[in-house]
Amino acid sequence: MTTIRVLGSAAGGGFPQWNCNCHNCDGVRRGTVRATPRTQSSIALFGDGPDAILVNASPDILQQLRQTPALQPARAPRDSAIAAVLLMDAQIDHVTGLLMLREHRHALPLYATAAVLDDLGAAFPLTRMLSHFCGVQTHALPCDATPFTVPPLAGMRLTAVPLQSKAPPYSPSRNAPRIGDNIGLRIEDCRSGRRAFYAPGLGSVDDRVFAELRDADAVLVDGTFWREDEMQALGFSAKAAADMGHLPLSGPGGMIEILDRLPAARKILIHINNTNPVLVEDSPERAELARHGIELACDGMEIAL
């Protein structure tokens, strides 16, 4: 059976964010709001054995490993259940944790699109840095809907689904989008035939992406912002949600409206920004999610396929 384990459920900076004094962050520090701290978004995929695929390597990876005993099976003096790392994009909050895995016992299998590997080989040369430590064994992901497997997890079939998005701000291709800058991931259990769709960065939903959402038994998708102008209204940024590559939850065409059209048994939001009012457990916005049958991911949550 394939199991998805949420290692981190917050957007970049985590929750509370280290330098933020918004209502949510200040309230969770002081204990004046009902909210649970979260680390930066990442998941692990487990099959029937002890091995796992780490999907994104966040800056909080060491804390996430400590909180997930299954990722330390202790079969040898130095060991990890991480059989490979798969990257959804080259954003800093999804890749810098690779540096914390430099003591891996052998070259770390790294699965990413050609666009992401290009950025990590030059603009932010993590793969070159790691060549002086454990090294990496790169595998370019197909972006043509071809399924693939990651050894030794043969009972799990994965498919990269290109999303409309931008490369990270540091990338030379920031203003010249490429296929594979950001992907969603179809996760299928070969035995049960059940599948999930994971897309923590989702700025728009075209017919192809909607078909992935519609055909999934569980969806785990972008819940970064409640409002399109959330960061602007708080005075934190001049950019709207769409400018940052995210689809807001509320409003016409928002994520709630899209999720309402899906038959999926479980509809879960991940990559929640620290400013999002849904983080407050007794907020009207959280109650609105509940009315629509939408869950909010938390660190440690598990989804079985």
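Here the relative contact order of the chain, from alpha carbon pairs under 8 Å that lie six or more residues apart, stands at 20 percent.
For segment 223-281, place one equal point scatterer on every Cα, skip the solvent, and apply the Debye formula. What is log10 of I(q)/I(0) at q = 0.20, 0.23 Å⁻¹? With one equal scatterer per Cα and no solvent, log10 I(q)/I(0) is -0.74, -0.93.
Given the Cα-Cα distance of Arg102 and Gln232 and 0.36 nm per residue of separation, how much length would full extension add, in nm?
So the extension gain works out to 43.0 nm.
For segment 8-24, putting each phi into the Karplus relation 6.51 cos²θ - 1.76 cosθ + 1.60 with θ = phi - 60° gives couplings of x, 10, 9, 7, x, x, x, 9, x, 6, 4, 10, 9, 10, 5, 3, 5 Hz, in residue order, rounded to whole numbers and with x for Gly and Pro.
Restricting the calculation to alpha carbons of segment 257-305 gives Rg and Dmax of 11.3, 31 angstrom. Across segment 97-114, computed HN-Hα scalar couplings (Karplus, 6.51 cos²θ - 1.76 cosθ + 1.60, θ = phi - 60°) run x, 4, 5, 6, 9, 5, 7, 3, 5, 8, 3, 7, x, 10, 10, 6, 6, 4 Hz from first to last residue, x flagging Gly and Pro. The chymotrypsin sites (Phe, Trp or Tyr not before Pro) of segment 223-305 that meet both conditions, a loop assignment by DSSP and at most 15 other Cβ atoms within 10 Å of the site Cβ, are Phe236.
Under a 5 Å amide H cut-off, with hydrogens placed 1.01 Å from N, Met156 pairs with Cys190 among residues at least 5 apart or on other chains.
Measuring gaps between exposed loop sites in the chain (GluC sites (Glu not before Pro); DSSP loop; at most 12 other Cβ atoms within 10 Å), the longest gap, sites not included, is 104-280. Modelled label positions at Arg34 and Arg191, each set 7 Å beyond Cα in the direction of Cβ, lie 3.8 nm from each other.
Of the peptides 263-273, 125-135, 83-93, the order by per-residue mean of other Cβ atoms within 10 Å, starting with the highest, comes out as 83-93, 263-273, 125-135. Considering helices alone, the calculated mean residue ellipticity of the chain at 222 nm is -4500 deg cm²/dmol, with DSSP H runs of length four and up weighted by -39500 (n - 2.57) and normalised per residue.
All of the numbers you see were taken from the coordinates with simple rules; none came from a lab. As the structure is a computational prediction, the values presented were derived from the model and not from experiment. Note that we place each Cβ from the backbone using ideal geometry, even for glycine, and neighbour counts take in every protein chain shown.
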